[in-house]
1. In the set ALA5, ALA11, which member is part of a loop (DSSP other than H, G, I, E, B), modelled with pLDDT under 75 and surrounded by 13 or more Cβ atoms within 10 Å (Cβ to Cβ)?
2. Out of region 71-128, which residues are in contact (Cβ under 8 Å) with a residue 60 or more places away in the chain, among the hydroxyl-bearing types (Ser, Thr, Tyr) and touching a helix residue (DSSP H, G or I) at 6+ places or on another chain (Cβ under 7 Å)?
3. Can you tell me which residue within region 89-128, out of those that are among the small types (Gly, Ala, Ser) and in a loop (DSSP other than H, G, I, E, B), is modelled with the lowest pLDDT?
4. Tally time: how many residues in region 14-47 are farther than 15 Å from GLY105 by Cβ, at pLDDT 60 or above and aliphatic (A, V, I, L, M)?
5. From the list THR111, THR101, which one is more than 16 Å from TYR43 (Cα to Cα), crowded, with 17+ Cβ neighbours inside 10 Å and among the hydroxyl-bearing types (Ser, Thr, Tyr)?
6. Can you name the residue in region 53-67 that is surrounded by fewer than 19 Cβ atoms within 10 Å (Cβ to Cβ), under 25 Å from HIS113 (Cβ atoms) and not acidic (Asp, Glu) and is also nearest to the chain's Cα centre (by Cα) among such residues?
Amino acid sequence: MPASALSIPAALLCLSLLQGAPALAQHVGILLQNSPLAGFQYYGGKILWEEMRAGDRLALIREPDNPHDPRAIRVEWRGHKLGYLPRAENRLVALAMDQGTPVSGRIAALTDHPNPWKRLRIDVLLGL
């Protein structure tokens, strides 16, 4: 079961409130979810590991034309692709991004774990 800070109804309520107040959305960060990073072992995470820190900003980039997942959201750190939000956990974030709601990300935790799904956790925030 995905770890999520808000229930789906609460997240949808936040989306609707922020959609009507874009200025507020730019100044308030509401934790939407906390997720592992999918694909850590395939992208830049292993190379950049020593430089990354908890709290670092992450760029979330919508990829609606992704052939594997129409709700795909790429995760980048300082312009380097690290992976993706997990497919099972990206529905609300994709919806928010598709509606023009500002969404941001940050590194929540880094753990030196042999399982790549447990190495990096991401906070996804509504707002910037």
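The values are calculated or read from the model by the stated rules, or taken from the named source; none is laboratory data. Keep in mind that what you see is a predicted model, and the values were worked out from it rather than measured. Cβ atoms come from the backbone with ideal geometry, glycine included; neighbour counts cover every protein chain shown.
1. None of the others qualify; the one that does is ALA5.
2. Within region 71-128, just THR101 meets the criteria.
3. Among those residues, the one meeting the criterion is GLY127.
4. Here the count works out to 1.
5. Values: THR111 fails: crowded, with 17+ Cβ neighbours inside 10 Å.
Criteria check complete, one pass: THR101.
6. Only one residue tops the list, namely ALA59.
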